[in-house]
Each structure stands twice: as structure tokens, then as C-alpha cells.
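Here is the structure we will look at, set down as C-alpha cells.
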Amino acid sequence: MPNAKKHARNNKKARSSVAAVSTAPATFPIVAVGASAGGLEAFSNLLRALPPDPNVALVFIPHLDPTHESAMVELLSRTTSLLVLQASDGTRVQVNTVYVLPPNSDMTLSGGTLSLVRREGGRGPHMPIDTFFRSIADDQAANAVGVILSGTANDGTLGLAAIKDAGGVTFAQDTGSAKYDGMPKSAIASGAVDYVLPPDRIATELGRLKNRPSSDELPADAFNGNERTMKDIFRLLKSFSRVDFADYKLATIRRRILRRMNINQIDNLSDYVKLLQGNAQEVEALYRDVLINVTRFFRNPEVFNSLREVVYPKILSDRPPAEPIRIWVPGCSTGEETYSHAITLVEMLSELRIEVPIQIFGTDLSENAIQKARAGFYKEAIANEVSGVRLRRFFHKAAGGYQISKSIRDMCVFARQNVFNDPPFSRMDLISCRNVLIYLSPVLQKKVIPIFHYALKPDGFLLVGNTEGLLGSGADIFELIERKAKIYQKKAVPSPVTFGLMMGAQEGAERRQETANAPGLEDEVAKTPADVQREADRLLLEKYVPSAVVVNDELDILQSRGHTSRYLELPTGRASLNLLKMARSGLLYDLRALIAAARRNAVPVSKEGVVMEDGNETALVRLEAIPFRTPARDQRHFLVLFEEKEAQRAPEPKPAPRKQSKEIEDSKDIQIAQLRQELASTKEYLQSIIESQEATNEELQSANEEIQSGNEELHSTNEELQTSKEELESANEELNTVNEEIQHRNQQLAQLSNDLINILNSATIPIVMLGEDLHIRRSTPEAERVFGFSSHDIGKALTHLPLNIDVPQLERWMLDVMRDVTMRTEQVRSREGKSYKLRITPYRTLENKIDGVVIALLDITDLVPGVANGKNLAP
């Protein structure tokens, strides 16, 4: 109790001093801790293990009952020496203080200040942890820390991904120590968790944060002079993922590297490279950080409204019904945006009552993201992003979340693709690229924008992110049609897709450095028309540079310089850009030998005086093959130079001495003829070998293509079988549910039948139930005795049976009752002389429908004057 009073006094002092707090930005990590069931115990253990001065602020967001006051502050105050406060609106977050979310509230952080709003009931589950985590990621960036402790469901998973994307550090309690592992499991499975530890070890890592510089505090020149080290990092990433990040936006790559250095407590870039070289898991972690996937359904709803109003009507205008709408989403992440486009299109087509096929292609570098997109399964938190109508129409509820309906999944095709190296799609109506350009350097943007131009139809559209735009050459081939949503339309100009060498990372860095050192140079270069630069290059190449070609390791020509038609010609038959197939007669064998030597020794190789045949003329050519590699890449290329030399005239032969015998001259002529014949035969033989080898290569290539096609078909068949399996399982579950319902209803019907039979058997009043056709349905045993029919007459018309009751107008009375829906009472007499009161009432169903009559007899013999003991006493 003394400790509790002490903490209460401290809390009171803290509340009184809130107004005097400075509004300076926070210089310490702010740790957001989310928990649900079992979270109080886990957070208490975390607080107990924290050092007395952790130099962090902690904000605790539990799931609380909105109708009851919380005792969290008092309970947590007993476990720590830190100041524990209930958060209030406008409170500035202070170091070494614990803030607790109050009941019936949602909380966000802006400018280091807490903001509270009253909790409002929404259509989806309440997600206070995701709400606060996203706000702290936006507000604190790399200074944010997210922790998920024990709890059920999946609140906090999306928020952790936002914190990680902003450069912060993320933790999750290990499932072994968690009382309820639903929330930690969900967070760990998302790939957004840096540390998986029990609460006491999480406290140890939080205590080390004060000794660890944040990404913003690391020296600005941490990467200066480390170009070779960066190449090593790029090479390690490429060997792991087959993706070259050398030309990605350098600031983004550096921020991700600094984040991993921060997590591993490494201050030197060279030391981090050594860690990468010896730890494949760290390479994978860096790769996942670079490709972190943060997206959501219907992100920026105003963009989708613009698509409905501006783009989709133009796409649908004068469109043949059988031609599918084709959309490509590069960088689709886990598929939310791809499915958002599909749902929006389906809704619009339904409103217009149009049936048009839809094909949407989602591509991404991350195989894990593609697998999640194909499954189409998402956490329950999407209920806060997707309307209830859409949830019911396009999703079905599954354990732990929602899954996209099969009809929408069938419209979407997902594949892993590197948009720079893999072939692009073609004839697209719309390309939605809102997650890619922001990560690309200007060099890669200049390459990818023409690819998008090539992939679109002549009147296709390009959608980019709100913070992105098309500059430079992109503005020459695309026209902006919707400024706010950043929607462009393809111009009717040739697609400037280039195939050749790309400027390496080092060259690009040097060029950027030169531009930075020369004010105005970048603007001047940007203003210079591309056509002027190309024409100037062409004139210089023609005047000063020998004819040359650039070939790859397979000897396919990538670029040409100068007039190469003198030495190369297009072969007959199938078109090919292979250097050896295009070489003119006389150059083939020497070219093959030179390139083989250059490949083997990795040094330039040349040969003088190669005789080239050009029709009836011959020329002497100097050949040179220079091997080289592009910076930051492992691709080998060759530069092949052709330089023609003036043929030296051979001295005129002196007249042979008359003494020379004619036999010697004839012998020489014969020998020369034989050598020429052997040489021609050898050339023909070599040519046949080359043609045979080329044919074999073509056959192998064809077989390889067939194998790849078969592999794709097998994958497709496997996916169809998997889908069929899921459908069968779903149908089986539905049948089991229906079967259980039927069994339950059968039990209810059996019970009702038993009750009805017992009621009828126990009744001493004659009662007969008749259908609409006046046939007997049921009767009491007493009715069978009084009316004079047996159980075998059930189902027969009552009016057609010989009855003991004398009622000639019975049929008319029953019909009147069904018609007028009224009760009729008459006095009748049996053949034995007894008097009865006959009552006829309508037979009503549960739907209030008249479906027959009910006849009841009441013995009133003793009440009728003149009738006693069954005899008529009247004279």
C-alpha cells in the first residue's frame, strides 16, 4: 500500500505538469505495446525486466471493455518504478513514462502528442492496436517501436508492417511464453517482426535502444567512399534473389541497410558486409526489408472513383463483348490492389448490365507476397477497409479472416516478375503502378516508363502513385488526363523501348556527383532533346569511331556503331542478330577464334590482314574483340571492332626467265588447284558442321520451350486440382451443415408427431381433421366410434362414408366454413337417438392459409328436453 500511495502522488504531480511540457520533437524511442487476452501479465513481466532508466516512452494499448472502468494504471504501477498514467487527449509523450489507453477510446499520435477519440461501433472488429501503430509509424518513422504481446485474433499485424516500412523496430512475444498466441502468431506469419522473444528479453532489447543510434542519427557520410562495399551488398542480394538492386533508389536502399545495421548493433558498413557474407538469414532479412509489402484494399478511394468516372467508361466504349478488359498491376504485393480493381470493375459492369471478360495480372518480386495474393485470404481487419456490402458479395468468412470469392480470384493471375528483365505483358487497357516508381532511381524510371508505353494499347491508361509523376521522356509519350489521381493516357507515338546496355550503378553515381558539382548542368541536360543528342552521337561515330558492334555472351548483337553493313548482312531464312550468322564471307572463322580467345583470356585480342570477300572483290580488315563487364553486374559482353585497311598492291611479277621449264609451271598450277580444292572442301565441311550444330541448338531450344510449356500446364492443372479440392471441401462442409440441420428438424418433427398422436389419443371428444378436398387426415378414437368409420378410412372423403350421424347438409356446411372463414355450430342427432352439438372450424396453416376444416362433436343428450337415456320421450 505505501508503494501504491507513492505512485498515486507521482501520477498526480505528473498530471499537473502536463500543461508545462515543451512541444519539442521526441528525441527518444516511443514504444507502442499492443495486447489482448493474457496481455496484462505479459506487459507486467516486461515492465519488471526494464531497467530503472530505459530512456524510452511506452504506450500500452490493450483490448478493454468499453462499459467498465479500467484498473490498468493501478495494477501496472505496482510492477514498475516508472511513472504510469492513463492517456488523455493532448498529452505530450514524455521519456520514462508509461501511458495506458483508457476504455471506450481510440488513440493516435501526432507530433509526439496523444489524441483520443470516442470509440465508435463499426462494421468490422475494433482494431485499436492497428490504429495507434499506423499513427506512430507516420509520426515517428524510424523512432517508432512496435511490440505485440499475448492476445487472440490478429489486431496489430498490419500496424507492425507499417512501423517496419517506416524504418522502426518490431517485436512479438514468442508463442511458447504467450498465454494466448493468436496475435503473436499472426504478426510473425506476416514477416513484419524483427525479434521474437519472451517479455523479459524484449525488455532487455528495449533497454539497449538508448545505446543504439537511430537511422536518422547515423552519420550522413556513412556510405561515402564505400561504393565497392555497396557493390558487394548488391552482389549478395542478387545471388540470393536474382534481383539487381544497383539502380534502385539509393536513399531507400541505404535506409533499409541502416535499419538492419541498427537491429544488429553494427555501426560500420564493412562489418555489416562481413555479417551478410557469413549469415544467409541476414541476407534474406535485408531482402525482405527492401521489398516490404504495405498495401490495403481500395487505398485512396478517390483514385478508384476517378477510374470509374474517367477511365472505365472510355475502356468500355465501343468494345466488342468478347474482348476482355486487361489490367496489369506491377508491384501488386499481397494482391489487395489487384482484387480492388477486379471488384470495382465487376460492380460497374453489373450496374451497366454488361458482360465483358476481365483479366487482371498482378506481378511482384516477392514470391511470398505472390503466394498470399493467390490464396486471397486476409485478416479480419480488412472489415474496416471494405464495406459490409462488398464483404458479403465478394468475400466469404473463414477461420481468422476473409477469403476473396472464387469468381474474383479466377479473374486475377499472379506471377513473380522482374519488370526490368522479364518480358512485359502486352495490349493492356490499364497499368496500375502505384507501388514501384517511388523506389526506382531516375535511371530505372527512364527504362520502365517506355516498357509501360509498349505494354499498353494505343489508347491505354497508366495510373501512378499520388506522390509520383512522369518527368522527362515520360511526358513525351504519356498525356496527363486526371491530375489529382495521376492518371495518364498513352500518346500515339512509337514506343521508345531500348534493348542494350544500361548505365551501371557506379557510372550513374559518378554522373549524379558531376551534376551535383555543376549547378544547372542537370537542368541543361534534361532540357536537351533526346533526338539532338542521338544525332550528335551518330555524326561523331561516323567520323571518328570505327565500325563496331556490342554482343552479349551468346554473341547476339545488342548495339551497333558506324556503318557495319560493310561487314555484316542479314542471313537468309529465319531472321537472326547473331554475329557469326551475319558475318560476311571470310570473317566467320577469324571472328569465332578471336572471341574464343578473348573469352578464355579475358583480354583484348586482335588480328590484322583478315581477307574479306565482297562479291568479286577482296578487302583486308583488322578485327579486334574486347571483353568487358558492366559495373555492379556479372554479365559479360564483347565489343567487336571492324577496321578496313587499304590493300597494298603486290609488286608486278617480273617476267620469268626463259630458262624456266614449262614442266615446273604446270606442276605449280596443279598443286595450287589441288590446295584450292581442298580448302573449298574444308570450308564446305566446316559449314555443314556449323549448320548441323545450329539445327541441333534450335531443336534443343524447341524442346526446352515445349518442356516449359508442359511445366506451365502442369502448374495450371495443379492449381485447378487444388481449387477443386477446396470446392469439394467447402461443399462437404456445407452438406454436413445441411445434414445436421435436417437431422435436427427430423427430431423436431418426430417429437411434434408424437405429441399430436398422444393428444389425439387422450382426447375424449370426437374430432376429425379434413383437408381442402374434404378427405380425412386425422381423427380421435372417439370420433371413429361416434361417426362410425375405421382407421382404414383415413384419406377417404368423409361425405362418401356411411355415417352414424344424420347430417345431410354436412358437405355444404364445410364448404361454407372454408369460403367464409367462420365457425359454424349446428345441433345434430345420431342414428341411436343421441343429440350432439356439431362445431365446424377452418383449418389454418402457419402461413394463415385455409387448408380444410376441423369437426368436433359435443354430446348434449342430457341437456335436450324430452331426450333421456338415449330414448325419445316425446309423444
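Couple of notes before you dig in:
- Residues that are part of a strand (DSSP E or B) and touching a residue at least 24 places away in the same chain (Cβ under 8 Å), drawn from segment 370-398: 377, 378, 379
- Subset of segment 112-165 (residues that are among the small types (Gly, Ala, Ser), surrounded by fewer than 21 Cβ atoms within 10 Å (Cβ to Cβ) and in a strand (DSSP E or B)): 115
- If you go through segment 359-369 and keep only what is outside any helix (DSSP H, G or I) and either at pLDDT below 90 or surrounded by 18 or more Cβ atoms within 10 Å (Cβ to Cβ) (or both), you end up with 360, 361, 362, 363, 364, 365, 366.
- Screening 340, 306, 350 for residues that are over 17 Å from residue 161 (Cβ atoms), open to solvent by 40 Å² or more (accessible area, probe 1.4 Å) and part of a helix (DSSP H, G or I) leaves exactly one candidate, 350.
- Any hit, segment 266-279, residues being within 25 Å of residue 448 (Cα to Cα), of a type outside the set (D, E, K, R), surrounded by 18 or more Cβ atoms within 10 Å (Cβ to Cβ) and in contact with a Leu (Cβ under 8 Å, 6 or more places away or on another chain): no
Here is a yes/no grid of residues against (1) open to solvent by 60 Å² or more (accessible area, probe 1.4 Å); (2) under 16 Å from the mean Cα position of the chain (by Cα); (3) under 29 Å from residue 469 (Cβ atoms):
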| residue | (1), (2), (3) |
| --- | --- |
| 374 | yes, yes, no |
| 383 | no, no, no |
| 388 | no, no, no |
| 392 | yes, no, no |
| 412 | no, yes, yes |
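- Residue within segment 181-189 that is more than 17 Å from residue 144 (Cα to Cα), at pLDDT 90 or above, open to solvent by 10 Å² or more (accessible area, probe 1.4 Å) and not in a helix (DSSP H, G or I) present: no
- Applying the condition of being of a type in the set (A, V, I, L, M) and within 22 Å of the chain's Cα centre (by Cα) to segment 437-448 and asking which residue is modelled with the lowest pLDDT yields 438.
- Residue 832 satisfies every condition listed in (1) at pLDDT 85 or above; (2) in a loop (DSSP other than H, G, I, E, B) except (1).
- The set of residues in segment 439-469 being under 19 Å from residue 417 (Cβ atoms) and among the aliphatic types (A, V, I, L, M) consists of 440, 444, 448, 449, 451, 455, 456, 462, 463, 464.
- Qualifying residue in segment 57-75 (condition: more than 22 Å from residue 202 (Cβ to Cβ) and among the β-branched types (Val, Ile, Thr)): yes
- Residue within segment 788-811 that is surrounded by 14 or more Cβ atoms within 10 Å (Cβ to Cβ), part of a helix (DSSP H, G or I) and of a type in the set (A, V, I, L, M, F, W, C) present: yes
The values are calculated or read from the model by the stated rules, or taken from the named source; none is laboratory data. In this text, all values refer to a predicted model and were calculated from it rather than measured experimentally. Note: ideal-geometry Cβ built from the backbone for every residue, glycine included; neighbour counts use all protein chains shown. All accessible areas refer to the heavy atoms of the entire protein, side chains included, with ligands and DNA or RNA removed. Shrake-Rupley method; radii C 1.70, N 1.55, O 1.52, S 1.80 Å.
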